[in-house]
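The next block holds one structure in the form of C-alpha cells; read it before the comments.
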Amino acid sequence: MNPAWVWFGLMALALIGEVMTGTFYLLMVAVGFAVAGIAAWLGVDIAWQLVLCAAAVVLCTLLLKRLNVLKKRGSPPSSNANVNMDIGQTVKVEAWNEDRTARVWYRGAHWQAELAPGAEPVAGQFVITEMRGNSLVLSPTR
C-alpha cells in the first residue's frame, strides 16, 4: 500500500474535524498532511515526509498569524451587547462619591456603579458600557 493514501486519509480526517470545530488550526494540519502525502506519492523517504508535514503546518500557521486571520475579533463579554443585555442601557446617577463610584437604581434594584475612565463625575444620565462582576461601568450619554 502506498503511504500517500495514509497521509491523504489523515488529511480528510483533519478536514472533517475542521468543519466540526471551525478552527483554522486543523486546516493547517490538513495542509501539512497533504504536503506529506504528495511527498510520499513522489517517493520521498518517511523522515522527510514528517519534516515536510511539520514545516508546512508551522509555515501556514505563521502565515495566517501574520495576515491576522487567527486574531480574535469582537469585544470581551463584559462589554459586548450581544452577550450582556445590560450594555447600552441608561441609568440616572444622582451623585458620585469621591472614589468615582455611585449607587444607582436599575432593573428594580440598587447597583454599584463605577465611572468609566476619562468621564466627568457629574449627576445625570449615563449609559452602561461594561459589567465588572455585579458592578456597572458607566459613561456619559452622548
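Computed from the coordinates by the stated procedures, all read-outs in this text should not be read as laboratory data. Source: prediction; values computed, not measured. Cβ atoms come from the backbone with ideal geometry, glycine included; neighbour counts cover every protein chain shown.
Can you tell me the 0 to 90 degree angle between the C-alpha axis of helix 25-41 and the longest principal axis of the chain, rounded to 10? That helix lies at roughly 10 degrees to the long axis. Neighbour counts of C-beta atoms inside 10 Å place Arg66, Arg142, Arg100 in the sequence Arg142, Arg66, Arg100, starting with the fewest.
As a rough footprinting exposure proxy, the listed residues Leu138, Leu10 were ranked by other beta carbons within 10 Å of their own, and the order from fewest upward is Leu10, Leu138. Summed over qualifying helices (DSSP H, 4 residues or more, each -39500 (n - 2.57)) and divided by its residue number, the chain shows a 222 nm mean residue ellipticity of -13500 deg cm²/dmol. Given R0 = 22 Å, the distance between the Cβ atoms of Arg132 and Thr90 translates into a calculated FRET efficiency of 0.75.
Counted over the chain with a bin width of 5 Å, the fraction of Cα pairs per bin, in whole percents, is 2, 10, 14, 12, 8, 6, 5, 5, 7, 7, 7, 6, 5, 3, 2, 0. Site pair Val51 and Ile38 shows an inter-label distance of 1.8 nm when each label is modelled 7 Å from Cα along Cα→Cβ.
In the stretch 4-66, the inverse of the mean reciprocal separation of distinct Cα atoms equals 11.5 Å; this is its Kirkwood hydrodynamic radius. In this entry, the stretch 77-140 is assigned a mean projected area of 3.9 nm², taken as a quarter of its C-alpha convex hull surface.
Counting beta carbons within 10 Å around each of Cys60, Cys53 and listing the fewest first gives the order Cys60, Cys53. Helix 4-21 and the longest principal axis of the Cα set of the chain meet at an angle near 10°.
How far is helix 46-66 tilted off the main Cα axis of the chain, in degrees rounded to 10, range 0 to 90? Between the helix axis and the principal axis of the chain, the angle is about 30 degrees. Rounded to the nearest 20 debye, the dipole magnitude of the chain is 200 debye, with +1 charges on Lys and Arg beta carbons, -1 on Asp and Glu beta carbons, and the Cα centre as origin.
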